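In what follows, a structure is listed as structure tokens, so that the remarks can point back to it.
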Amino acid sequence: MARQVIGMQGVDLWRRTQEEFHYDLKRFVFGLLRGRNRKPSRRQVLAGVNLSIEAGEKIGIIGPNGSGKTTLLKVICGILSPTRGKATTNGTIAPLIELGAGFDPELSLVDNVIYYGLLLGIERHRMNEHLDAILDFAELQDYRNEPVKTLSSGMTARLGFSIATEFRSDILILDEVLSVGDEAFQRKCRERIDHLWDEHVTILVVSHNLDFILKACDRALWLDKGSIAYDGAPQEAVLQYKLRVEQQRLEGTGRPAMLLLGPEHADSKYAGKLFAFFDGNRHLVLDNNWMSSNGLDDTTALRFSDETIDRIPEGEPVGNLAAISGG
């Protein structure tokens, strides 16, 4: 029987705006003297989120900037508490969110590794045992006794990644961290993530790389304005999300929103074919004139594997077959 490791019931979260974060005593006094004081504002970041995640699931989270993706992860990790509703987890969590955000800039790398590990719930003696391995992976042995403030932002992120992935956790949280450091280090990161991906670890990953979501995840959440707009198959989540983006782009033009799909490999069984996606179905495009009249361009087609295309329901062809046959 599947075991639930993450649960959210009716979760709402209201947060202060950036303006309110800067609303300190000095600003209050100056505002009072100038007669410009106004009540700081708040906005709703998550709205009515219901979610159940079982052990071992690999879940991609997509959506535009500001849709609540990172906030959702922070609630799951316990960094933020819901304003309303309930969020529960069952198991150890390795959160790779804002790598290095928990470091003390005045302490040495060694002290920060120990401290960071304690925050993750790992005993001091275990952190000491893994200290050299963590610094070696981050390529920071030469800085071990230097304060963290001497590191660049990229080096700090490397250290955070190394600590968080050194130990096997039940739940791995990834927030756009697959581009840490230079190309060589990114390759090391991907290899380590691939290893964790193969184990029975529950993984939640936020990424704007939709191709990665399609290939690596078995479930996807599309967040829109703090709510889950879709929860299910990755290809459907990506298509519905891209379709919404296209609808917003075409607002006021009177043109219907649709996407152009094509195979990603030359040896595909769909080689040479393009499909228009609308009404939840893929429609074989029979001629280029139909594409042009609907504002579609084959250079912007979304490329999918045959397996992904097969999972999209097939609709009636569009265009004029005579335009191809010459009839």
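The values are calculated or read from the model by the stated rules, or taken from the named source; none is laboratory data. All figures in this text were calculated on a predicted structure; none of them were measured in a lab. Backbone-built Cβ (ideal geometry, glycine too); neighbour counts: all protein chains shown. Areas reflect the complete protein model, heavy atoms only, side chains present, ligands, DNA and RNA absent. Shrake-Rupley method; radii C 1.70, N 1.55, O 1.52, S 1.80 Å.
Being within 20 Å of SER305 (Cα to Cα) and acidic (Asp, Glu) is the filter; apply it to segment 206-241 and report the residue that is most open to solvent (accessible area, probe 1.4 Å). By that ranking, first place goes to ASP218.
Going through segment 85-130 one residue at a time, which ones are closer than 14 Å to LYS149 by Cα and outside any helix (DSSP H, G or I)? Residues satisfying the conditions are GLY100, ALA101, GLY102, PHE103, ASP104, PRO105, GLU106, LEU107, SER108. Of all the listed residues (LYS273, LYS269), the sole one being among the charged types (D, E, K, R), touching a Pro at 6+ places or on another chain (Cβ under 9 Å), within 16 Å of ILE309 (Cα to Cα) and surrounded by 13 or more Cβ atoms within 10 Å (Cβ to Cβ) is LYS273.
Could you tell me whether any residue of segment 37-45 is at pLDDT 90 or above and either surrounded by 15 or more Cβ atoms within 10 Å (Cβ to Cβ) or assigned to a strand (DSSP E or B) (or both)? Scanning segment 37-45 turns up at least one residue that is at pLDDT 90 or above and either surrounded by 15 or more Cβ atoms within 10 Å (Cβ to Cβ) or assigned to a strand (DSSP E or B) (or both).
A search for C-beta distances below 7 Å between a residue of segment 304-318 that is over 14 Å from LEU239 (Cα atoms) and any residue that is open to solvent by 70 Å² or more (accessible area, probe 1.4 Å), counting only pairs 6+ apart in sequence or on different chains, returns ASP306/LYS269; GLY315/ASP279. Might you let me know whether segment 217-234 holds any residue that is in a helix (DSSP H, G or I) and within 30 Å of MET155 (Cα to Cα)? There is no residue in segment 217-234 that is in a helix (DSSP H, G or I) and within 30 Å of MET155 (Cα to Cα). The criterion of at least 2 residues that are over 22 Å from HIS208 (Cα atoms) is met by the following strands (runs of 3 or more DSSP E) wholly inside segment 245-312: 275-278, 281-284. Number of residues in segment 85-113 that are of a type outside the set (A, V, I, L, M, F, W, C), surrounded by fewer than 23 Cβ atoms within 10 Å (Cβ to Cβ), over 19 Å from the mean Cα position of the chain (by Cα) and farther than 20 Å from VAL201 by Cα: the value is 8. Considering ILE173, ILE193, ILE163, the condition of being of a type in the set (A, V, I, L, M, F, W, C) and assigned to a strand (DSSP E or B) is satisfied by ILE173 alone. Does PRO82 fit the bill of being closer than 21 Å to ASN50 by Cα, in a strand (DSSP E or B) and open to solvent by less than 80 Å² (accessible area, probe 1.4 Å)? Spelling it out, it is not the case that PRO82 is closer than 21 Å to ASN50 by Cα, in a strand (DSSP E or B) and open to solvent by less than 80 Å² (accessible area, probe 1.4 Å). All conditions in (1) more than 24 Å from the chain's Cα centre (by Cα); (2) open to solvent by 30 Å² or more (accessible area, probe 1.4 Å); (3) at pLDDT 90 or above hold for ARG244, with the sole exception of (1).
The test for being of a type outside the set (Asp, Glu) and within 30 Å of LYS58 (Cβ to Cβ) holds for PRO313. Note on segment 289-316: residues that are surrounded by 15 or more Cβ atoms within 10 Å (Cβ to Cβ), at pLDDT 90 or above and over 29 Å from the mean Cα position of the chain (by Cα) total 3.
If you check GLY48, GLY63 for being crowded, with 17+ Cβ neighbours inside 10 Å, small (Gly, Ala, Ser) and within 17 Å of LEU223 (Cα to Cα), only one passes: GLY63. Yes or no: ILE134 part of a helix (DSSP H, G or I), in contact with a Pro (Cβ under 9 Å, 6 or more places away or on another chain) and either modelled with pLDDT under 95 or open to solvent by less than 30 Å² (accessible area, probe 1.4 Å) (or both)? No; evaluated as a whole, the condition is false for this residue. For beta carbons closer than 8 Å, sequence separation of 6+ or different chains, a first residue in segment 189-212 that is closer than 21 Å to LEU159 by Cα and a second that is basic (Lys, Arg) and open to solvent by 10 Å² or more (accessible area, probe 1.4 Å), the qualifying pairs are LEU196/ARG168; TRP197/LYS58; ILE203/LYS58; VAL205/LYS58; VAL206/LYS69.
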